[in-house]
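The values are calculated or read from the model by the stated rules, or taken from the named source; none is laboratory data. Quick caveat: nothing in here was measured; it's all calculated off a predicted structure. Cβ sites come from the backbone with ideal geometry, for glycine too, and all protein chains shown count toward neighbours.
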Amino acid sequence: MSSERDVDVVVIGAGQAGLSAAYHLARLGFPPRRGFVVLDADAAPGGAWQHRWSSLTVATTHRVHELPGLPFEPASDDLPAAEAVPAYFAEYERRFALPVERPVRVTAVRRDGEGRFRVESDRGTWRAGGLVNATGTWTRPFVPHYPGQETFRGRQLHTVGYRGAAEFAGRSVVVVGGGASAVQLLGELATVARTTWVTRRPPVWREGPFGEEQGRAAVARVAEAVRAGRMPGSVVGATGLVVTPWVRRALDAGVLTRLPVFDRITPDGVAWDDGRSVPADVILWATGFRAAVGHLAPLRLRTRDGVVPVDGTTAVEEPRLQLVGYGPSASTIGANRAGRTAAVVLRRLLDDDAGAATPLPRSA
């Protein structure tokens with residue numbers, strides 16, 4: 001195999017967003033492998049789902065939206081999401097004969113001087129007229145810095161390193177973060193450990209359905225921030241925390257009583273400037289992620305905040321670069337829609353570049 005291959009489109013990442021984009025690229029007439037290829041850093045299908053902790057079941061996820069063209073029908077909602085979703089993704093790749101190559105770790109994307117992208121990886125180079133970046137966030141966990149952090153004598157870990165509550169039995173655990181993951185992990189840890197929950201802002205609990213109008217408003221706020229090159233909040237964070245039956249039980253039991261975030265970390269715990277302190281054996285950072293876009297740095301598109309400004313899925317300063325599962329599409333349903341949008345945009349742009357006038361297939 002040649003170390004440099006030419007295709008119309010390279011998709012980087014085979015999670016929800018990347019697979020959706022690949023499906024629509026195929027539907028729009030790009031032939032697999034010759035017309036487009038999907039490069040995935042993992043050794044097996046499943047995207048970030050395959051790395052989640054085993055106690056996260058299909059029933060307790062924020063929600064898994066099915067990919068276009070294939071229902072998600074796990075045998076049981078009690079199955080670990082780390083098993084059910086990767087199995088679904090694997091079947092999806094097989095069913096639609098998607099040209100996924102793995103493991104391929106993309107190291108840099110550059111312009112090649114001929115109006116194309118040069119995608120460099122640990123398994124060779126691809127040249128492409130269009131690029132879909134679907135690398136998600138899982139590989140870039142975010143841990144904020146607080147004074148005294150380096151003096152802490154206990155264990156610190158991010159949610160990416162969490163495997164289950166059993167290893168924390170009898171320990172004092174401070175959980176930092178206000179998202180759905182923090183809430184779920186508190187529910188698990190409180191059964192075996194002494195827990196303290198701290199967040200920067202008071203949690204917003206949502207009981208009942210989240211309407212379409214509210215959803216659009218939440219996505220619009222994130223979209224405006226990314227378009228302007230600012231660091232966005234998450235779409236999921238903007239929707240509030242859903243009060244499920246088990247969350248209601250945890251609230252009633254006092255497990256989800258929240259404190260404002262501490263001012264510093266001590267060798268034996270955390271402390272506030274008003275004199276309060278909490279001893280801790282473990283600090284669990286459920287503090288989210290940043291977009292994994294470091295390989296795009298040679299394109300010089302990022303702002304000082306590290307954000308690539310996008311309008312919808314299109315990089316503002318480089319239209320043939322589409323970012324999916326990014327900013328306003330950083331949710332499973334948003335990733336599905338973004339995959340289709342990215343494929344349609346690239347079909348139009350590449351046809352225009354070639355002087356083609358072939359209409360888009362109706363199936364798109």
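Filtering region 60-94 down to residues that are small (Gly, Ala, Ser) and under 19 Å from the mean Cα position of the chain (by Cα), which residue is farthest from VAL183 (Cα to Cα)?
Ranking the qualifying residues of region 60-94, first place goes to ALA90.
Does ALA43 fit the bill of being surrounded by 23 or more Cβ atoms within 10 Å (Cβ to Cβ), in the same structural domain as ARG118 (by TED's automatic domain parsing), modelled with pLDDT of 95 or more and assigned to a loop (DSSP other than H, G, I, E, B)?
When the stated conditions are applied, ALA43 does not pass them.
If the requirement is being assigned to a loop (DSSP other than H, G, I, E, B) and among the basic types (Lys, Arg), which of these qualifies: ARG110, ARG127, ARG63?
Every option except ARG63 fails the conditions.
Those residues that are out of contact with any strand residue (DSSP E or B) (no Cβ under 8 Å at 6 or more places or on another chain) and at pLDDT 85 or above, I need them from region 311-334; list them, please.
Selection gives ASP311, GLY312, GLU317, GLU318, PRO319, GLY325.
Do the conditions hold for GLY179, that is, is it in contact with a helix residue (DSSP H, G or I) (Cβ under 9 Å, 6 or more places away or on another chain), in contact (Cβ under 8 Å) with a residue 12 or more places away in the chain and under 22 Å from LEU259 (Cα atoms)?
yes
Kindly indicate the residue of region 130-165 that is assigned to a strand (DSSP E or B) and of a type in the set (S, T, N, Q) and also nearest to HIS51 (Cα to Cα) among those meeting that condition.
This residue is GLN156.
If you check ARG34, ARG127, ARG110, which single one turns out to be basic (Lys, Arg), in contact with an Asp or Glu (Cβ under 6 Å, 6 or more places away or on another chain), under 19 Å from VAL10 (Cβ atoms) and surrounded by fewer than 21 Cβ atoms within 10 Å (Cβ to Cβ)?
Step by step, each of ARG34, ARG127, ARG110 is checked, and only ARG127 is basic (Lys, Arg), in contact with an Asp or Glu (Cβ under 6 Å, 6 or more places away or on another chain), under 19 Å from VAL10 (Cβ atoms) and surrounded by fewer than 21 Cβ atoms within 10 Å (Cβ to Cβ).
Suppose we keep only residues that are more than 30 Å from PRO328 (Cβ to Cβ) and among the aromatic types (Phe, Trp, Tyr) within region 147-188. Which one would you say is surrounded by the fewest Cβ atoms within 10 Å (Cβ to Cβ)?
Step by step, filter region 147-188, then rank; the result is PHE152.
State whether one or more residues within region 84-103 are hydrophobic (A, V, I, L, M, F, W, C), closer than 25 Å to ARG300 by Cβ and touching a Gly at 6+ places or on another chain (Cβ under 9 Å).
Checked region 84-103: no residue is hydrophobic (A, V, I, L, M, F, W, C), closer than 25 Å to ARG300 by Cβ and touching a Gly at 6+ places or on another chain (Cβ under 9 Å).
Check whether at least one residue in region 194-210 is modelled with pLDDT of 90 or more, among the hydrophobic types (A, V, I, L, M, F, W, C) and more than 20 Å from LEU323 (Cβ to Cβ), and report yes or no.
yes
Can you tell me which of ASP352, ASP305 is of a type in the set (Asp, Glu), assigned to a loop (DSSP other than H, G, I, E, B) and at pLDDT below 95?
When all the criteria are applied, what remains is ASP305.
Report yes if GLU167 is within 14 Å of VAL247 (Cα to Cα) and either without any contact (Cβ under 8 Å) to a residue 60 or more places away in the chain or assigned by TED's automatic domain parsing to the domain that holds TRP49 (or both), otherwise no.
no
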